[in-house]
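Since the structure comes first, as structure tokens, the remarks are kept for the end.
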Amino acid sequence: MNETNYFDHAGTTPMDPEVVQVMSEVLSHHFGNPSSIHKFGRDAYHLISAARKIIADSIFAKESEIIFTSGGVEGNNMAIISTALQNQDKGKHLIATAIEHPSVLRTMKFLENQFGFEVTFLPVDDKGNISIEMFKKVLRVDTILVSVMFVNNETGVKLPIEEIGEILRTHPAIFHTDAVQAIGLLQIHPAKLGIDLLSVTAHKLNGPKGVGFLYKRENLLLNSFMHGGEQESGRRAGTENVAGIVGLQKAMELLNVEEKQRRLKEYNNFQELLLKKLDQEKVVYRINGDLGSHLPHILNLHLKNVSSNLALVRLDLKGFAVSAGSACTAGAITPSHVLTAMYGENHLALKEGLRISFGSGNTREQVKELAAELTALARNQL
């Protein structure tokens, strides 16, 4: 299959050849355990230190504020569970949105069920966004943690992170954001935004799977989430994935300011081209999400009378990869929790929604071909 037919970059991205190259070098020649004191260990340790500095610089942070993890799921779990448990003497109220990634939703439910925390899940409107006024109303004196994703992984809607950060500057609650879908396209400055904890994974950035990082604001106490070693300055036990960390470093380096701006423009053009073609063919569709507060790499469409499941099979047979929701719930029978939160349980969009996500390797010609296939699906009304 031609890689340019791949339109599921929000699920995962193909590794950039330069990332593969640097990782191959590390795997072949830098095998030492970074905790060992001999030359081989020091060699691996220096690679991690160099990566930590470059990654910290990319988000205007300090090296000490970067904790390497296995990815976004671990980062979210670490941020939420550690923060909640070590601050429960100050309160047991947590806030999240109803459209968070499952690694946030299920972790919040775990804290509710096992430790008696109270979680407020903010509802969203039919555009997939939350109300700042509602947030202000549910914020309480005993709220110790707020976890709101930067950009939704199913609709591409950008949530009001700046406004929440500003509100929390005068409130003791810790502010965490899942920035997995945002870091590849936006320049993020956690300190300026009032963000205390920020989760990132490499495999959404044309980097490797199994590695990511958690930004932790300096002077914020965060007890070790994992036990069994003193790696990451005692903050995360387990031998570091040296090759993966170097791969993450390279992926972050390649996504400089100019490249992010180029991608934003290109994906916006792809989105406009696709919708224009559908309009020209008089395809009946609705956009799930708010294009006024949205990153253009994700386009979630409700194609009227087109079954999501049958559409996925048909497109796959034609060589096109799209999805019907989050990759982490792709095997689930239940409808998208994001679209359910937006429309309710019986809306047709839950059975007729498709997520198209652009990324490196996509071309205008392939977007046109995808539009033609979507048109054929709509006309056949699967």
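The values are calculated or read from the model by the stated rules, or taken from the named source; none is laboratory data. Computed from a predicted model, the values in this text were never measured in an experiment. Note that each Cβ is placed from the backbone with ideal geometry, even for glycine, and that neighbours are counted across all protein chains shown.
Among the residues of the range 221-276, those identified as under 28 Å from A191 (Cβ atoms) and exposed (fewer than 12 other Cβ atoms within 10 Å of the Cβ) are L221, E230, S233, G234, V257, E258, R262, K265.
With respect to L168, is the statement that it is surrounded by fewer than 23 Cβ atoms within 10 Å (Cβ to Cβ) and under 23 Å from F358 (Cα atoms) true? It is false that L168 is surrounded by fewer than 23 Cβ atoms within 10 Å (Cβ to Cβ) and under 23 Å from F358 (Cα atoms). Tell me, yes or no, whether the range 278-293 has at least one residue that is touching a helix residue (DSSP H, G or I) at 6+ places or on another chain (Cβ under 6 Å) and within 22 Å of T13 (Cα to Cα). No: the range 278-293 contains no residue that is touching a helix residue (DSSP H, G or I) at 6+ places or on another chain (Cβ under 6 Å) and within 22 Å of T13 (Cα to Cα).
Going through (1) over 18 Å from the mean Cα position of the chain (by Cα); (2) small (G, A, S); (3) at pLDDT below 95 one by one, S323 falls short only on (1). Of the listed requirements (1) more than 30 Å from S323 (Cβ to Cβ); (2) under 28 Å from the mean Cα position of the chain (by Cα), Y6 misses just one: (1).
Selection within the range 336-359: residues that are part of a loop (DSSP other than H, G, I, E, B) and surrounded by 20 or more Cβ atoms within 10 Å (Cβ to Cβ). The member of this set that is modelled with the lowest pLDDT is S336.
Exactly one residue out of H101, H9 is within 29 Å of G361 (Cβ to Cβ), touching a residue at least 60 places away in the same chain (Cβ under 8 Å) and outside the structural domain of L193 (by TED's automatic domain parsing): that is H9. Taking first residues from the range 154-170 that are closer than 19 Å to H302 by Cα and partners that are of a type outside the set (D, E, K, R) and assigned to a helix (DSSP H, G or I), the Cβ contacts under 7 Å between residues at least 6 apart in sequence or on separate chains come to E154/V338; T155/V338. In the set (1) of a type outside the set (K, R); (2) closer than 24 Å to S336 by Cβ; (3) without any contact (Cβ under 8 Å) to a residue 40 or more places away in the chain, the condition left unmet by Q114 is number (2). Selection within the range 219-243: residues that are outside any loop (DSSP other than H, G, I, E, B) and touching a helix residue (DSSP H, G or I) at 6+ places or on another chain (Cβ under 7 Å). The member of this set that is farthest from T83 (Cα to Cα) is A243. Under the condition of being farther than 21 Å from K260 by Cβ and of a type in the set (S, T, Y), which residue from the range 284-320 is nearest to the chain's Cα centre (by Cα)? It comes out as S308.
Quick one: would you say G289 is modelled with pLDDT of 95 or more, part of a loop (DSSP other than H, G, I, E, B) and not assigned by TED's automatic domain parsing to the domain that holds P123? For G289, the condition - modelled with pLDDT of 95 or more, part of a loop (DSSP other than H, G, I, E, B) and not assigned by TED's automatic domain parsing to the domain that holds P123 - is met.
Here the condition is being over 22 Å from L255 (Cβ atoms), more than 13 Å from the chain's Cα centre (by Cα) and not assigned by TED's automatic domain parsing to the domain that holds D8; of I195, I164, it holds for I164 alone.
Please verify whether Q271 is without any contact (Cβ under 8 Å) to a residue 60 or more places away in the chain and assigned to a helix (DSSP H, G or I), treating the condition exactly as stated. Taking the combined requirement at face value, the residue does not satisfy it.
Within the range 5-51, the set of residues being assigned to a loop (DSSP other than H, G, I, E, B) and under 30 Å from K368 (Cα atoms) comprises F7, H9, A10, G11, T12, T13, P14, M15, D16.
Remark: pairs (first residue in the range 37-66, of a type in the set (F, W, Y); second residue part of a helix (DSSP H, G or I); Cβ separation under 7 Å; 6+ apart in sequence or on different chains) = F60/A191.
Looking only at the range 284-314, how many residues end up being buried (at least 20 other Cβ atoms within 10 Å of the Cβ) and of a type in the set (A, V, I, L, M, F, W, C)? Qualifying residue count for the region: 7.
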